[in-house]
Amino acid sequence: MASTGVLGGDGSHKIDYVFKVVLIGDSSVGKSQMLSRFARNEFSLDSKATIGVEFQTRTVVIDRKSVKAQIWDTAGQERYRAVTSAYYRGALGAILAYDITKRKSFDHIPRWLEELRAHADDNTVMILVGNKSDLEDQREVPTEDAKEFAQTEGLFFLETSALEATNVEEAFLTVLTEIFNVTNRRSLAGGKEQDQKPVSLAGKNIDVAGSGQAVPEKNRMCCGS
Ligand code: GTP
Ligand code: MG
């Protein structure tokens with residue numbers, strides 16, 4: 001992977017914003033692989049079910065500002081999930097993922113949405129993502145159904161393939177750009193939320209200049225209890 005532009009983690013590259021985004025959705029829809037595609041441009045077919053919570057970061061440039069995306073990933077399986085309130089706390093964006101080849105995973109989206117709305121801030125930016133678009137021949141969820149649902153609920157919508165790297169970047173960047181816009185609109189309106197940094201990161205790491213490159217930071221934060 002290209003590593004030009006990588007700078008030291010000692011503050012030599014300024015971060016303007018840190019945005020926390022959470023991934024939610026049924027087990028095995030591909031949340032962890034979407035994250036790994038976005039953060040490291042990697043994909044694995046034999047990915048293991050997530051236990052507890054993990055996060056990875058990637059710094060992108062939006063409107064000439066450095067935005068560190070801190071993406072949280074937890075288990076779709078109830079028994080392995082992170083503590084719900086802690087998971088959502090401070091999230092400015094959410095990706096609700098289902099698998100286009102599993103109707104059930106789409107039918108469960110309203111439940112995920114309900115949980116999200118119960119725990120997240122009113123301004124949280126949400127996108128509905130139908131993953132595994134490479135498996136067209138096994139499709140069980142018509143694009144139109146999802147599009148309609150997203151429209152009704154006021155969510156952004158995209159179909160992605162973590163395997164083929166289709167639209168994954170777009171899905172994350174849609175959320176991050178909208179958070180960026182919302183944050184700036186709020187600062188303009190309120191006049192005092194400039195340089196808002198809603199999430200503080202313990203432990204410094206390496207940052208990258210430019211939106212086309214990524215340096216991963218992988219942290220296992222807790223266990224499923
Ligand atoms: P939990 O951690 O249990 O909640 O699951 P998850 O949503 O994180 O699913 P994960 O990313 O582990 O992916 C589950 C399986 O689907 C793995 O075998 C992946 O390789 C596969 N997978 C993920 N994304 C895609 C995709 O876009 N296309 C195809 N064909 N397979 C995918
Ligand atoms: Mg996972």
Report summary line: The ³J(HN,Hα) series, computed from each phi in the stretch 88-94 with the Karplus coefficients 6.51, -1.76 and 1.60 at θ = phi - 60°, rounded to the nearest Hz and given as x for glycine or proline, is 7, 4, x, 6, 9, x, 9
**Report entry** Residue-span extension gain [residue 139 to residue 121] - 0.36 nm each, minus C-alpha spacing
**Finding:** 3.2 nm
Requested in this report: List, in order, the whole-Hz ³J(HN,Hα) value for each residue of the stretch 177-185 obtained from phi through the Karplus relation with A = 6.51, B = -1.76, C = 1.60 and θ = phi - 60°; use x for Gly and Pro.
Outcome: 5, 5, 4, 4, 5, 4, 4, 5, 5
Query - Centre separation in Å (Cα based) which lies between the stretch 18-60 and the stretch 97-138 - result: 14
Report task. Calculate what fraction, in whole %, of the accessible area of the stretch 75-119 sits on carbon and sulfur atoms when a 1.4 Å probe is rolled over the protein chains. Result -> 51
Requested in this report: Provide the per residue accessible area, probe 1.4 Å, for the stretch 65-191, rounded to a whole number of square angstrom.
Outcome: 46
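The values are calculated or read from the model by the stated rules, or taken from the named source; none is laboratory data. Quick caveat: nothing in here was measured; it's all calculated off a predicted structure. To get the accessible areas, we keep the full protein, side chains included, count just its heavy atoms, and leave off ligands, DNA and RNA. Shrake-Rupley method; radii C 1.70, N 1.55, O 1.52, S 1.80 Å.
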